Structures are given as C-alpha cells and as structure tokens.
Amino acid sequence: MWAGFTSQGKPIHSSEFDSGMNNMCLFIFVILRQHRSLYVDFIMLVDGEHYQSIWLDETDKRVVKVIDQQKLPFFFEIKELRSVNDVFAAIKEMVVRGAPLIGAAGAFGIYLATLEDKPAVDTHKHLRQSADLLISSRPTAVNLPLVVNSVLERLMKITNVNALKEAALDAALEVCSNEVERCRKIGEYGIEIIKDVSRRKNGGTVNILTHCNAGWLACVDIGTVTAPIYLAREKGIPVHVWVDETRPVNQGARLTTWELGQQGIKYTLIPDNTGGHLMQHGMVDLVLTGSDRTTRKGDTANKIGTYLKALAARDNDIPFYVVLPETSFDFSISEGLAETEIEEREPDEVTHVTGFEGGEIRSVRICPEDACAANWGFDVTPAGLITGLITDRGICKAAENDIVNMFPEKFR
Ligand code: MRU
C-alpha cells in the first residue's frame, strides 16, 4: 500500500515510512478523500502507479527523466536526458511534446547546462547559447521561450557556479510545480462548464470532443483539457470523450486514448474528419482543446485541425473552449494569424504512418513514393470562434478586455 508521493510523483510505500508517519499520512489521505471539495486528489496513473511526464532522478541529480512519448502506447519507456543537447533533441523529435511540458523540459535543459564544465567566466555565455538552442527546437508553443527566458533571467544575476547550479535546479522544479498547480486550478474552474452541460442533460453523459493531446503527458501532471474531465469523473458526472486521432503523428490516437484509458475515462477514437458529422447529429456537447500560443486578443494557435473543429462547432452552436495555463499566453502579440510562427515539420510524418506490428514499432508509406507532402504543425483559431478560455485564473471571453482583466499585471 502507498502512503504518499515523492516530488517525482513516485509512490512512497508504507514500509518506507516509520509507523507514526505512516499512520499520519494515511489519516490525512483518508480525510482528503472524504472531503474532495477541499482538495482535488488527481493521481495520474500508469498501470496503477503515479507518474509525472518529467522529473529529476533523485539518485543522480545530473539526470532528468522523461516518458518517451514517441514509443507510447506501444512501449512505456523512460528516457534519460543528461545534457542540453539531449533536451534539445527530445523536444525536437517529440520525445517530449505539448506546450507546458516543452516549457518544463526547457527549464531542465538550462539546469543541465549549468552542470556542463565551462570556465566560470564563460558560464553565462554558455547559458545564453543553451537557451537559444533550446528555444530553436520548436517555434510555435510560447511556453518554451517564456519559461527558458524567465529561468535565464533569474540565473544571470548569479555568478557563483555552485549557487548557479542550485538556483537552476530550484527554478526547474518550481516551473514544474507551478504548472501542476495551474492545471489543478484549471480543473476547478473548468468543471463548472461540464456541470452546466450535465445539468442541462439531467445528469446524462457529457460528450466532449478533444483534439491532439492536452493531458498530463503534454503538461507535467493532470493536463489542461483533461483536468476538468478527471475532476468531473471524481465528482461522479458521467463523461465520454471523442478523441480526434490527430494526424499526422496521431497524438490523439496514441497518447490521449492511452492516457484516458489509464485513468478509466470512457472515450471513442475517431478519425480527424468525423467531428463535424458528430456535431450535426447532436453527439457532441462541448469541444475542449489546448493552446500552444494564445494572443492577448484570444486568437489561439493549437495543433493543426483545431480551426476546422471550431468552425464546425460554430455552425452547430456547440460551445468551443480553449483550455490553457497562463504560460500559454503570448501577451506581446495580438493577431494570431499574422504574428504566430507555425512550425513546419518533415513531410515523412505525412507520407508515412507509424504503428505497432509483430512486437515492434513500424513505419509504412501510405502514398506513392514520390508524393509531394506538406506538414504544418499548427493552425490558428480566431478569437471570434472561441466561446471562452478556461485558465488557471478563471474563465473569460477570448477578447482583449477580458484577458487584460484576468491578467492585469501582465499589461502594466
Ligand atoms: O505537436 P505537439 O504534440 O507538441 O502539439 C501539442 C498541442 O497542440 C497541444 O494541444 C497543446 O500543446 C496544448 S497541451 C496542454
């Protein structure tokens, strides 16, 4: 039996506790479970064990560990990152992906950069170069430059090398715990939307459509879109999720299905082009998607295909909410379409499909060998198509005044 969690999210087994501490923890846990309104006890499970998507190896603090998301759901593998270059490659190759997670990975990348041997005078230069490298790995999600630059700013004031290492680690761990807390709050605000639908349906199942993966795998823990869903389930509200497969790399088919399945949430996987049909037939109550960059006006860049779901939702009068933490806003820009850099990835993600056969992961071509293919990773949903933004500060309209009121300190 477990009695709590380590900071890496690993369960602490009761045998590891002295008995007094053990009883105390169990007592607190029982009280919290009985008073769920006081505390949301989200526990993200992998075969019954709690994991986060990134953590520091407690036995070797020179190692950062991540779940290899390229291998999911076929293999559950932990990958070790030991250098800035490792982190750069992990983000670029989408071993870690999802806006909040790549921000957190970037913070750990800077920490690993502080461990790399450089003459003291060169350290700050090395950190700046490392930050630039990390930021260049993927261009669309704002979390990456935002987090990396803020960690860097903290470190630039420190000259002592050991103090720098410590401060970098503190900063990375803080980034992670803040992201978890934000998701927790998003859940508490977002559940109100699900409760409303549930009331209108007299307690009938709430059917939510989502795109890509905006769950705990994309964040550090809990997830953004998934936070209200997991909380609804905890509160006994029946929910069912339509999961867009999300071509070309199938984050919906591979990751969201796996994640929801592990948490015991009912879902149905659908091809990307099915959502409109479901909406026309009254089979979708609510669309919840994530964000990689939301402007101060509310325009939102998210995984390619999100815009089409927003159009279909508008045509069918279905609420379309973007769910995001503060770290996915880019308050410095206004016009999403004109000002967001959209990542273009390798065409082979389009010409090939990766799956599992004969005990191994295989990639097969799905078009003529010489087919010309293009691979834009994200699109922009204009604010006018968004019913509202579910944030860690509350729910607001996707409109400049409302966003300014929600985050006043960002505009001073
Ligand atoms: O290319 P990815 O998998 O990094 O894209 C992820 C998404 O588009 C998510 O929806 C977004 O990052 C929000 S994650 C909470």
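Suppose we keep only residues that are outside any strand (DSSP E or B) and open to solvent by 10 Å² or more (accessible area, probe 1.4 Å) within the stretch 202-211. Which one would you say is nearest to the ligand (Cβ to nearest atom)?
Among them, the one singled out is 205.
Rundown of residues vs (1) open to solvent by 20 Å² or more (accessible area, probe 1.4 Å); (2) at pLDDT below 50; (3) in contact with a Leu (Cβ under 7 Å, 6 or more places away or on another chain), yes/no style:
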residue: 13; (1), (2), (3): yes, yes, no
residue: 24; (1), (2), (3): yes, yes, no
residue: 30; (1), (2), (3): yes, yes, no
residue: 34; (1), (2), (3): yes, yes, no
residue: 44; (1), (2), (3): no, no, no
residue: 48; (1), (2), (3): yes, no, no
residue: 51; (1), (2), (3): yes, no, no
residue: 84; (1), (2), (3): no, no, yes
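Among the residues of the stretch 226-251 satisfying the criterion of being part of a helix (DSSP H, G or I) and in contact with a helix residue (DSSP H, G or I) (Cβ under 8 Å, 6 or more places away or on another chain), which is surrounded by the most Cβ atoms within 10 Å (Cβ to Cβ)? Explain how you work it out, then say what you get.
First, pick out the residues of the stretch 226-251 that are part of a helix (DSSP H, G or I): 226-234, 251.
Remaining after also requiring in contact with a helix residue (DSSP H, G or I) (Cβ under 8 Å, 6 or more places away or on another chain): 226-233.
On the way: 226: 34, 227: 32, 228: 29, 229: 28, 230: 26, 231: 25, 232: 23, 233: 19.
Going through the qualifying residues, I end up with 226.
Among the residues of the stretch 323-382, which ones are closer than 26 Å to residue 409 by Cβ, more than 16 Å from the ligand (Cβ to nearest atom) and open to solvent by less than 30 Å² (accessible area, probe 1.4 Å)?
333, 334
Can you name the residue in the stretch 172-199 that is without any contact (Cβ under 8 Å) to a residue 12 or more places away in the chain and over 23 Å from residue 57 (Cα atoms) and, of all such residues, is surrounded by the most Cβ atoms within 10 Å (Cβ to Cβ)?
196
What tally of residues in the stretch 338-361 results from selecting those that are closer than 30 Å to residue 295 by Cα and among the hydrophobic types (A, V, I, L, M, F, W, C)?
3
Would you check if residue 151 is hydrophobic (A, V, I, L, M, F, W, C), part of a helix (DSSP H, G or I) and modelled with pLDDT of 95 or more?
So residue 151 fits the description; yes.
Give me the pairs, please: first residue somewhere in the stretch 97-121 and farther than 26 Å from residue 214 by Cα and more than 16 Å from the ligand (Cβ to nearest atom), second residue anywhere and in a helix (DSSP H, G or I) and open to solvent by less than 10 Å² (accessible area, probe 1.4 Å), beta-carbon distance under 6 Å, and either six or more positions apart or on two chains.
These pairs meet every condition: 112/84; 113/84; 113/127; 113/130; 114/164; 114/168.
Quick one: in the stretch 132-157, which of the residues that are within 16 Å of the ligand (Cβ to nearest atom) and among the hydroxyl-bearing types (Ser, Thr, Tyr) is most open to solvent (accessible area, probe 1.4 Å)?
Only one residue tops the list, namely 136.
Right, residue 167: part of a helix (DSSP H, G or I), modelled with pLDDT of 95 or more, aliphatic (A, V, I, L, M) and more than 16 Å from the ligand (Cβ to nearest atom) or not?
Criteria met by residue 167.
Each row is one residue, and each column tells you yes or no for (1) under 30 Å from residue 366 (Cα atoms); (2) assigned to a loop (DSSP other than H, G, I, E, B); (3) at pLDDT 95 or above.
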residue: 277; (1), (2), (3): yes, no, yes
residue: 298; (1), (2), (3): no, yes, yes
residue: 317; (1), (2), (3): no, yes, yes
residue: 321; (1), (2), (3): no, no, yes
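Could we say that residue 222 is over 22 Å from residue 144 (Cβ atoms) and open to solvent by less than 20 Å² (accessible area, probe 1.4 Å) here?
no
The values are calculated or read from the model by the stated rules, or taken from the named source; none is laboratory data. Computed from a predicted structure; not experimentally measured. Cβ sites come from the backbone with ideal geometry, for glycine too, and all protein chains shown count toward neighbours. Surface accessibility is based on the protein's heavy atoms, side chains included, excluding ligands, DNA and RNA. Shrake-Rupley method; radii C 1.70, N 1.55, O 1.52, S 1.80 Å.
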